[in-house]
Amino acid sequence: MKKRVVRAEEFEVVDELGHVRMRIGLSGDEHPFFSMLDADGSVRARFGVQADGAAGLAIADDNGKVRATFGLSSDGSASLAFGDKHGRIRAKFGLGSDASPTMGVDVEDGELQHRHKLAEQGTPTMGLYDQHGKVRVRLGLAAGGAPVLRLLDADGTVRAIVGLANDDSPFVQFLGDDGKRPGWTQR
């Protein structure tokens with residue numbers, strides 16, 4: 001069987017009324033994409049690939065707001081995210097470029113907001129956020145694996161730490177305004 005190749009800069013699939021319902025082509029900056037449109041012509045789902053190798057799928061609601069995304073970045077990180085009716089990402093799950101798991105949840109109207117991720121040293125953490133999106137409590141494991149609870153002020157500065165030291169002895173520490181200088185420590 002002989003293969004046939006059809007070449008074009010863009011393909012469109014139309015419904016019986018002539019409305020474009022699917023489009024395959026290249027974006028203005030020459031990156032390939034595949035889009036699915038509703039009967040009104042709004043893009044409801046789009047899959048694309050970027051020049052750096054990143055690829056992703058975005059799904060929009062009937063108002064054109066992206067409500068869900070699934071992607072793979074060029075650094076190897078992968079994510080699945082969900083947005084609210086305003087297009088603001090409210091929950092995100094994924095893996096960092098080093099395969100470290102991440103999870104974030106953002107609850108509206110002053111209710112508890114929390115995000116889980118691995119800290120820079122590779123240990124799991126959970127953050128509690130205020131209604132302005134500022135982390136106020138961070139619970140996690142220190143680099144040596146000891147549990148630590150950090151309390152942050154409205155500016156995001158660590159002001160108090162409660163936890164276990166690497167030798168498993170308990171400690172409480174209050175920090176100065178800069179979040180670096182210990183003001184009082186009890187072991």
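The values are calculated or read from the model by the stated rules, or taken from the named source; none is laboratory data. From a predicted model like this one, the values you see are computed outputs, not experimental measurements. Positions of Cβ are backbone-derived with ideal geometry, glycine not excepted, and every protein chain shown enters the neighbour counts. For accessibility, only protein heavy atoms count, side chains too; no ligands or nucleic acids. Shrake-Rupley method; radii C 1.70, N 1.55, O 1.52, S 1.80 Å.
Excluding residue 31 itself, what net charge comes from residues whose Cβ is under 15 Å from its Cβ, given Lys and Arg +1 and Asp and Glu -1?
Details: positive: 23, 46; negative: 9, 10, 29, 30, 52.
Once positives and negatives cancel, what remains is -3.
Which GluC sites (Glu not before Pro) in the stretch 1-74 sit in a loop by DSSP (not H, G, I, E or B) and have at most 15 other Cβ atoms within 10 Å of their own Cβ?
Values: sites: 9, 10, 12, 16, 30; in loops: 9, 16, 30.
Listed in order of number, the matching sites are 9, 16, 30.
How much solvent-accessible surface does residue 24 expose, in Å² to the nearest 10, with a 1.4 Å probe and all protein chains in place?
Roll a 1.4 Å probe over it and residue 24 shows about 80 Å².
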